[in-house]
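What follows is one structure encoded as structure tokens, with my remarks underneath.
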């Protein structure tokens, strides 16, 4: 006999099903599962919906009511719609057979209709563009050339942080002196698997070849090696260290002192 599960049952079971599906199809990723569960819980909090209610309680009228409540709150429209799309992930096509094995009946979720408008692009003014160009040219003069390489990969080839970290020299294809960057973005690897091909400007390619040969890499005592071990084929070894700068000792001590001062002030204020 089939039953309609509660929201709590679905939220507790969905991550387990997702882990099994990830072993088979390499998706959904863990971040997708976290956003689906967290977004649905947030949606229920906005609408005052108990997790002990059946899934059928999330009908079209209830979701419209949640939207009305969200309009009166401080939430932005894009946040509310992200929660709604998180709810849809719980009932994706791949979940049907898992819910069927548990003899659960999942009703059709009626999503509220909307007319999505793409935000209008506002071009930065000349002053901001001049500062950005000055900053980029300044990267060429720094001793750590990884900063220039990462900035070039992101600006010239629209790469994300993770794709730049995983990029290897074998992803560059050279034919008749012309270089082409061919790689599969992580975002599309689990969906379409489409390979993008970016022609590399000759000046940029010559700079990259110079960077690969000379490197200007620090030694191990200063934090990282030139090209050793598993990172020998990476275009930017230890790229994560370039994104996140370590906190200075003075900043850390200042913050800890401020926290102690706030705790001491709160204790003094609350004392009779």
Handout entry: Two-decimal ratio, the range 167-214, of alpha-carbon radius of gyration to 2.2 N^0.38 Å
Key = 1.29
Exercise for the section: For the range 127-161 and the range 37-61, compute the distance between their C-alpha centroids and round to whole Å. Expected result: 45
Fill in the blank from the handout: Of 145-156, 30-41, ordering from highest average Cβ density within 10 Å down gives 145-156, 30-41
Completion exercise
Extension length gain for residue 97 and residue 130 (0.36 nm per residue less Cα distance), in nm, is 6.3 nm
Problem - Ranked by how many other beta carbons lie within 10 Å on average, peptides 164-172, 10-18 from highest - result: 10-18, 164-172
Completion exercise
Taking 0.36 nm per residue of separation between residue 26 and residue 166 and subtracting their Cα-Cα distance, the length gained on full extension comes to 48.6 nm
Fill in the blank from the handout: In whole angstrom, largest first, the equivalent ellipsoid semi-axes that the Cα gyration tensor gives for the range 7-101 are 25, 15, 10
Exercise for the section: Subtracting the Cα-Cα distance from 0.36 nm times the residue separation, let me have the gained length for residue 180 to residue 68 in nm, one decimal. Expected result: 35.3 nm
Fill in the blank from the handout: In Å, the Kirkwood hydrodynamic radius from C-alpha pairs for the range 29-75 sits at 11.5
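Read-outs throughout are calculated quantities, based only on the coordinates presented, and are distinct from any laboratory measurement. All of these numbers come straight from a predicted model, not from anything done at the bench. A quick note on method: Cβ atoms are made from the backbone with ideal geometry, for glycine too, and the neighbour counts reach across all protein chains shown.
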